[in-house]
1. In the range 114-141, which residues are in contact with a helix residue (DSSP H, G or I) (Cβ under 7 Å, 6 or more places away or on another chain) and surrounded by fewer than 22 Cβ atoms within 10 Å (Cβ to Cβ)?
2. Of the conditions (1) outside any strand (DSSP E or B); (2) at pLDDT below 95; (3) in contact with a strand residue (DSSP E or B) (Cβ under 7 Å, 6 or more places away or on another chain), residue 132 fails just one. Which one is it?
3. If you check residue 89 against the conditions, is it in a loop (DSSP other than H, G, I, E, B) and assigned by TED's automatic domain parsing to the domain that holds residue 27?
4. Taking the conditions exactly as written (assigned to a loop (DSSP other than H, G, I, E, B) and without any contact (Cβ under 8 Å) to a residue 12 or more places away in the chain), does residue 45 satisfy them or not?
5. If a residue must be closer than 9 Å to residue 131 by Cα and modelled with pLDDT under 90, how many such residues does the range 157-177 contain?
6. Please indicate, with yes or no, whether at least one residue in the range 60-74 is surrounded by fewer than 18 Cβ atoms within 10 Å (Cβ to Cβ), in contact with a strand residue (DSSP E or B) (Cβ under 7 Å, 6 or more places away or on another chain), outside the structural domain of residue 263 (by TED's automatic domain parsing) and within 14 Å of residue 113 (Cβ to Cβ).
7. Of the conditions (1) under 15 Å from the mean Cα position of the chain (by Cα); (2) not in a loop (DSSP other than H, G, I, E, B), residue 105 clears all except one; give me its number.
8. Do you know which residues across the range 1-31 are outside any strand (DSSP E or B), crowded, with 19+ Cβ neighbours inside 10 Å and either on the phi > 0 side of the Ramachandran plot or at pLDDT 95 or above (or both)?
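The values are calculated or read from the model by the stated rules, or taken from the named source; none is laboratory data. Keep in mind that this is a model prediction, so the values were computed, not measured. Note: ideal-geometry Cβ built from the backbone for every residue, glycine included; neighbour counts use all protein chains shown.
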């Protein structure tokens, strides 16, 4: 029985929009231009996104934050654009507020709601950006404003392929090679970051009606499927006048990965904290984790990418 069948959701209706992200097939009631289009070829969806009513309170829920509730595999987000419910890692319901724009509805759907979906499934969601290289996927994790997206955009300008931005889904266990599941087909950038890399913000769509942050589409062909993860960098800005790369080992690497799990409180509230910690341990044991320390300045995106490319080119690192 599939997750959708367990949730009592009908899957035979082909109507709607079809997309691919995080290794999943989505059938959605609304257009999601930030996702990669897929074909309605008769295969069932993994996840259905539909409009519908949502209660103000989930039965037997616990509050994770003033706007979030969790009851086992049931998640509710009460956001300015509307209510969102995620059930069983397969069914997403949206109850929009009157007057909410599609852009604002997608803002929460493609962030926290997708993070909750990942936590309900057997993937490790990292607050990270990932790019594709000849050696495999390279991920950059770090807090908001650390420069992850700007780094990815600069890599794309050099002809590279961006696999994920902000939310990076990783399959990680102790038996198989860790892999990155390609995510949303866009990079989120502030206006000043776009200026740094020479992109005109006014030609791009905002991620939200009142947010001066924009969607830069990822260019070129999408990866055909999961890409084996080669290494991870933890970004630490405002730490050094020069770019300094230092390998993290053992507990330090695990701690750095756990600190960059996307919406960690949701995993804990869902009873998946131990699973996520185990995935971080497995990932740190199978792939090198580096700290990337630097100081923000006007040339940072260029200096940072140059330093990183030199570092991963030296396979002895």
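1. As a first pass, look at the range 114-141 and keep what is in contact with a helix residue (DSSP H, G or I) (Cβ under 7 Å, 6 or more places away or on another chain): 115-116, 119, 124-125, 128-129, 131, 133, 135, 138, 140.
Result: 133, 135.
2. Going through (1) outside any strand (DSSP E or B); (2) at pLDDT below 95; (3) in contact with a strand residue (DSSP E or B) (Cβ under 7 Å, 6 or more places away or on another chain) one by one, residue 132 breaks only (1).
3. Values: in a loop (DSSP other than H, G, I, E, B): yes; assigned by TED's automatic domain parsing to the domain that holds residue 27: yes.
Spelling it out, residue 89 is indeed in a loop (DSSP other than H, G, I, E, B) and assigned by TED's automatic domain parsing to the domain that holds residue 27.
4. Values: assigned to a loop (DSSP other than H, G, I, E, B): yes; without any contact (Cβ under 8 Å) to a residue 12 or more places away in the chain: no.
So residue 45 does not fit the description; no.
5. The number of residues fulfilling the criteria is 1.
6. Within the range 60-74, one or more residues are surrounded by fewer than 18 Cβ atoms within 10 Å (Cβ to Cβ), in contact with a strand residue (DSSP E or B) (Cβ under 7 Å, 6 or more places away or on another chain), outside the structural domain of residue 263 (by TED's automatic domain parsing) and within 14 Å of residue 113 (Cβ to Cβ).
7. (1)
8. Scanning the range 1-31 gives a single hit, 22.
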